[in-house]
Amino acid sequence: MSVKSDFNASLTANVKADNDAVPKELVPQEETKKKKGPPTREEILEKLLYYKTHFAEFIETFGRIRSQGLKRFNLFDYQRELINNFQHERFNVVLKARQTGISTVVGAYIGTFCIFNTNQDILIAAINEDVAKEMILKVKTFYENLPDYIRPVITNPRNTESIKLKNGSRIIALTSTKKTGRSFNASFLLIDECLFGNTKIKVRNKITGKII
């Protein structure tokens, strides 16, 4: 299997050598029955390439959440649907109640997106500074509880308002103002509580140049 992309190059460093022990999460069940030894490096990369297009399965396999202790991230159907919509739909509006775990899922999604995509800019526009910092904390919590062989390297670990990864991707959380996001070319834009108060969102049409 020939691997040339930046994604594979960045993950190869985290993959153990053929003679080392390989985490069982990366070994398909059907292969564990047929093979006695660990899978090859190519087989591990193939599994990670699968997760690149199946974020929900990646989050359920590796994600952990704090709920009376550290527990496996078992997604509800509506959470899995939200993740799939994020992956396949350009615009998403979420009408939700509180305490439904949506913010935690969004944090895990953004974290996963940056693992599998290099040099991306994610902008979180939050209702206030505390919420902005809380969203960054959710992403960091997701990262901190990933297995060490797949956990990304954070180059600014003490920063509470942004996350910069060694692969060039970054996540920035800002308080919503009239100037938030101006001149910022975001790969992924999250507007928290976008219909709170008199919030107005302006989007420029790339084809016509019209601002809506």
State the Kirkwood hydrodynamic radius of the range 47-179 in Å, one decimal place, computed from all pairs of distinct Cα atoms. 15.3 Å
Total charge dipole magnitude, the range 78-212, about the Cα centre, Cβ charges on Lys, Arg, Asp, Glu only, Debye to nearest 20: 540 debye
The FRET efficiency for L70 and K133, from their Cβ-Cβ distance with R0 = 22 Å and rounded to 0.05, is 0.55
Sort 128-140, 69-81, 152-164 for me by packing, meaning the mean count of neighbouring Cβ atoms within 10 Å per residue, highest on top. 128-140, 152-164, 69-81
Could you put T112, T180 in order of accessible surface area, largest first, with the 1.4 Å probe and the full protein assembly present? T180, T112
Take K96 and R204, extend 7 Å from each Cα along the Cα→Cβ direction, and tell me the distance between the two endpoints in nm. 3.0 nm
Using a cut-off of 13 Å between beta-carbons, work out the net charge of the residues near K71 (Lys and Arg +1, Asp and Glu -1, K71 not included). +2
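The values are calculated or read from the model by the stated rules, or taken from the named source; none is laboratory data. The shown structure was predicted, so the numbers you read here are calculated from the model rather than taken from an experiment. Note that we place each Cβ from the backbone using ideal geometry, even for glycine, and neighbour counts take in every protein chain shown. Calculation scope for accessible area: heavy atoms of the full protein, side chains included, ligands and nucleic acids excluded. Shrake-Rupley method; radii C 1.70, N 1.55, O 1.52, S 1.80 Å.
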